[in-house]
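The values are calculated or read from the model by the stated rules, or taken from the named source; none is laboratory data. Fair warning: this is a prediction, and the values are worked out from it, not measured in the lab. Every residue, glycine as well, gets a Cβ built from its backbone with ideal geometry; the counts of neighbours run over all protein chains shown.
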Amino acid sequence: MSDSRVNQPILWTQALSKQVNTGEQQLAILQNIELQVNPGEAVAIIGASGSGKSTLLGLLAGLDLPTTGKVHLDGVDIFALDEDSRAALRGRVLGFVFQSFQLLPALTAIENVMLPLELAATGDAGPTARRLLERVGLGKRLHHYPKQLSGGEQQRVAIARAFATAPKLLLADEPTGNLDSATGVQIIELMFELNREHGTTLVLVTHDEALSRRCSRQIRLADGKLVQ
Amino acid sequence: MNHFKLSLRMLHRDWRAGELNVLLLALIIAVSGIATVGFFADRVELALARESNQLLGADLLVISSQPLPEQYADEAKRLGLAVSSLIKFPSMISNGDSNLLTEIKAVTAGYPLRGRIHLANQSAQNPTGREEVREADGIPLPGTLWVDEKVVMRLDLNSGDKVDVGTAQLTVTERVMREPDHSVGFVNMGPRAIINAADLEKTGLIQEGSRVSYQLLVAGGAEMVQRFRDWAKPQLTKAQRMEGIRDARPEIKAALERSEKFLSLAALASVVLAAAAIALAVRRFTQRHLDGCAVMRSLGASQRQLLYLYLYYFIALGVIASSIGCLAGFSAQQILTQWLSGIIDTELPWPNALPALQGLLVGLVLLLGFALPPVLNLRSVPALRVLRRDIGLSNTHSIAGYLLGLAALSLLFIWKAQDLKLGLYIVGGFIAAIVVFGCLGWLLIRLLASLRHQAGGAWRYGLASIRRRAVASILQAVALGLGLMAMLMLTLIQDDLIDDWHTSLPPDAPNHFLVNIQADQIQPLQDFFQQHEIEQPRMYPMVRGRLTKINGKDVAAEDYADDLHAERHIRREFNLTWSDELAADNEVVQGRWWNPGTHEAELSIEEGIAKIIRVKLGDVVTYDIAGSHFSAKITNVRKVDWDTFRVNFFVIVPPGLLENYPASYITSFYVPSEEFHRVHELVKKFPNILVVDVATVIGQVQQMIQQVSQAIEFVFLFTLLAGFAVLYAAMAATQDERIYEAAIFRALGARREQLSRAWAAEFAILGGLSGLFASAGASALGYVVGKHVLHLDYTFDPWIWVVGVSTGVAGVLIAGLLGTRSALSSPPLLTLRKIG
């Protein structure tokens, strides 16, 4: 994917912190995170459970609000926007792959992939979704419901959905967390392939060291701080 | 536009995936219940009105002492109404040397417009005296005369005999057994005959100053009749008046109005049930759509986009479900009508379209009122939920959301009740019930939960579950309680209503009156009753007197020239009686009944007549009785229940005041129709006694009451169905959570039996709570509605508590266990994977 601001980072944060009030004390989940992701990069955020990985991902996507600090996504200071504008920006720029797939149970595979296109009122939702599902190897399961698909197949649908709007940045939260290792490997392969084909930037949250090594860069979180 | 298409697509997908089952079912049952009740009540009302109009011979009468101007008939015809006319007057009929004063009715083609004239089948008079009856085909031909039983007997007539009516000679061709007439009763108790209006001139009887009543009969669609009524009202002169069945027969008016109110009450109850079912179903819907909304938010949907998506989604859902409901309702009442046609021998008129419109509107308002606020809250689901499942919606949102629903429901009530008072009572009652139930539920759940450590295994888990799902549990208990309360209340009032009718008009209500019994005939008459094993009726003395003075001032008919009704009463003689006891169907509403044995000149008057002749408590009235004056002071005013068809008097005085005046006696008694010949014997034995047969009228009123009672019971079935919808929705609302719970419990090694016992305990507690709420609410609301709206003597029934609580426990327990069967039987891993 070509971008006029090739040399500008697609994502960068400035002193990003998140604290929660536990009733008795303030708990710092993230402290002073400064990071930068350039177009075309594949970055892994790694760390143990409770290190703040998912919180960071939520903030990067603008799904959650920080206590202090900024996130710039595609050149836009996302916390300067209201929630609806952030949603619109997400729809335009971001794709998601979740640990728990997050497919809508009432929708068939193809309808799940069509959903972001329909929300964005793109005309050719059907053909695009079909093409993507064929690409992830589910050409024969277009009209199956999530509950009729295996975990690996559900995650393939989720990946097809993530790429449907041709996002600039793909955020993946433990994409293999709910899969057995063999299936996980296949899914990762697929994700990287699509990433290359679409020239998408990838930010991946995982606690799987092997998976993280497939990325061009690793960022390690420990106790809410960047370690390297 | 794109939102609209997308919401339709979402709707279609959700429907296909079975996501809408509960909501759709609740809505369809609700709307079809309302529409069925609406359609059916409408048809029954129309039929009842038409049925009762048979007693009148028309839907409406215009009555005048002068020939009626053509304009009335012209306007009625212009409105497409059927029109006929008759002239009624008293005249002698002579057969040789015997003469009889008879009331003659000269009728024109088309008479009667409602009901039929029933004639005796002369050929088939069987020995038991029970006669075959057939319906008349038209009216007497010119030159012929139809006479009733009394004329036949007194003049000793046979078919083909010629009689003189004025200057005309007419041939007797038929014996009339029954005829529609608005004034069957004391006023017109004499013998009657029907002639063709074409013969009127020949009789030479209608002359200046004759006592003649000219009547125009009008019948047709209710709306057009009403239009005619509205048009005619301002045209009426002093000598003219209009009479519909409700004006003519107070007992029918009362029965009709009560049944109408009850049917609208039944419709209201189904609205309550529908609301409860929808509120519960929506709760489940929002729970299940939380994820979807979070995903859509993360995929870039704005709040506005979600708002419109769901707005269109629910409008479309409402319209579709309500339309299906209306169709179902229409078919259901059609089947009901077919089924009933065996029992009700009246052809039910086609219903009008209003109930369909009402059903549609009620469905939409209920759905939007109860579903939209919580569903619109979905738009504020934090998108972060895609990463952290534990984030949901706050409960304050959904509780505030119900307020709109309640407001919508209140408006619907007032509208549906067609009666502000009834509507307000019910709205007030239900709002109070919701608040009280809610608070009570919260307290009880806390209290019970604190007891859980003392309770045994299953109960402990049951109590813990209820406590954990406190908000959902209270909502469920309140919704179920309200539903059950509506049904209990309806049952209570239904029983009271039907009982009240049956007691006021039991099957052995007197169906014959004997008037003009002389003092020396009392003993022979009592012997006659004894001989024929007829229960000895009470004989009431009767003295006739004309009102001459009020508070010493002369009274003349002319003083009441502005009120035709009053004028007639003043012209006529009053029947006065004496008694020390107040009859059971009489109630003193002003002043007090005299002490037995009093010698004061006191007088008791019926409240209606007091109003008409304009007298009040404390006034002294004077009657001219056989040439001498009798004065007494009004010391009490009575309300008389005329529905009972018993002998009642406008004026009563203490014994000892009237005994010296010439008196006759009056009584009423019951003769079963198969022993009708005894009345003939009585007439033969005591020729001077007038026998007034009200069996027909009573029979018709009883039949009507029977029909209304059946209609009410059938309508109740639909309310019951709506009740099941509530139960189903309530169970489905927590279904997902339960399936998940079951999976975890079983994964942890709980046996199915342990789990189902814990749930049974929970359901029993929930059902008990709702039963308790329902009994309390139904007792209170039933009392208020019964007493103040339907004017019934409400009886407190301790059984209601037993029935309420046990129905609640049993219903929720059975529905709950049936509903959770699948949760228990699916393998835990499958469930956990599905949920995860």
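Miscellaneous remarks
- Out of A:L30, A:L16, A:L59, A:L65, sole residue that is in a helix (DSSP H, G or I) and modelled with pLDDT of 85 or more: A:L59
- Region A:63-74: number of residues that are within 23 Å of A:A164 (Cβ to Cβ) and more than 8 Å from chain B (Cβ to nearest Cβ): 2
- B:V647 being touching a His at 6+ places or on another chain (Cβ under 7 Å), of a type in the set (V, I, T) and modelled with pLDDT under 85: no
- Exactly one residue out of B:V621, B:V615, B:V679, B:V653 is surrounded by 14 or more Cβ atoms within 10 Å (Cβ to Cβ), hydrophobic (A, V, I, L, M, F, W, C) and either outside the structural domain of B:W578 (by TED's automatic domain parsing) or in contact with a Cys (Cβ under 9 Å, 6 or more places away or on another chain) (or both): that is B:V679.
- Residue match in region A:78-89 (condition: more than 11 Å from chain B (Cβ to nearest Cβ), in contact with a strand residue (DSSP E or B) (Cβ under 9 Å, 6 or more places away or on another chain), free of Cβ contacts under 8 Å to residues at least 12 places away in the same chain and assigned to a helix (DSSP H, G or I)): yes
- Unmet requirement for A:A158, which otherwise passes all of (1) away from every other protein chain (no Cβ under 13 Å); (2) under 15 Å from the mean Cα position of the chain (by Cα); (3) crowded, with 19+ Cβ neighbours inside 10 Å: (1)
- Any hit, region B:244-256, residues being hydrophobic (A, V, I, L, M, F, W, C) and at pLDDT 75 or above: no
- Any pair with Cβ under 6 angstrom, 6 or more apart, that starts in region B:13-41 at a residue that is farther than 21 Å from B:R288 by Cα and ends at one that is buried (at least 24 other Cβ atoms within 10 Å of the Cβ) and of a type in the set (F, W, Y): B:G33/B:F718; B:T36/B:F718; B:V37/B:F718
- For region B:282-310, residues that are at pLDDT 85 or above and more than 11 Å from chain A (Cβ to nearest Cβ) total 2.
- Given (1) within 12 Å of chain B (Cβ to nearest Cβ); (2) under 18 Å from the mean Cα position of the chain (by Cα); (3) at pLDDT 90 or above, number of the condition A:I110 does not satisfy: (2)
- Against the test of being at pLDDT 85 or above, hydrophobic (A, V, I, L, M, F, W, C) and under 34 Å from the mean Cα position of the chain (by Cα), the options B:L79, B:L145 yield a single qualifying residue, B:L79.
- If only residues of region A:161-197 that are closer than 12 Å to A:L132 by Cβ and of a type outside the set (F, W, Y) are counted, the one that is surrounded by the most Cβ atoms within 10 Å (Cβ to Cβ) is A:R161.
- Scoring B:G18 on the criteria (1) modelled with pLDDT under 80; (2) outside any helix (DSSP H, G or I); (3) in contact with a helix residue (DSSP H, G or I) (Cβ under 9 Å, 6 or more places away or on another chain) leaves a single failure, condition (3).
- Output for region B:732-751, where each listed residue is among the basic types (K, R) and closer than 26 Å to B:Q287 by Cα: B:R738, B:R746
- If you go through region A:113-135 and keep only what is within 9 Å of chain B (Cβ to nearest Cβ) and free of Cβ contacts under 8 Å to residues at least 24 places away in the same chain, you end up with A:E118, A:A121.
This table checks each residue for (1) more than 10 Å from chain B (Cβ to nearest Cβ); (2) under 21 Å from B:R13 (Cβ atoms).
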site	(1), (2)
A:V97	yes, no
A:G137	yes, no
A:R141	yes, yes
A:T165	no, yes
A:L169	yes, no
A:D173	no, no
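- None of B:A197, B:A193, B:A222 is modelled with pLDDT of 80 or more and surrounded by fewer than 20 Cβ atoms within 10 Å (Cβ to Cβ) except B:A197.
One line per residue, one yes/no per condition, for (1) of a type in the set (D, E, K, R); (2) modelled with pLDDT under 90; (3) surrounded by fewer than 24 Cβ atoms within 10 Å (Cβ to Cβ); (4) under 27 Å from B:A464 (Cα atoms):
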site: B:G771; (1), (2), (3), (4): no, no, no, yes
site: B:A778; (1), (2), (3), (4): no, yes, no, no
site: B:L781; (1), (2), (3), (4): no, yes, yes, no
site: B:G786; (1), (2), (3), (4): no, yes, yes, no
site: B:F796; (1), (2), (3), (4): no, yes, yes, no
site: B:W801; (1), (2), (3), (4): no, yes, yes, yes
site: B:G804; (1), (2), (3), (4): no, yes, no, yes
site: B:L813; (1), (2), (3), (4): no, yes, yes, yes
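- Among the conditions (1) in a helix (DSSP H, G or I); (2) surrounded by fewer than 24 Cβ atoms within 10 Å (Cβ to Cβ); (3) at pLDDT below 85; (4) away from chain A (no Cβ under 14 Å), the only one that B:R241 does not satisfy is (1).
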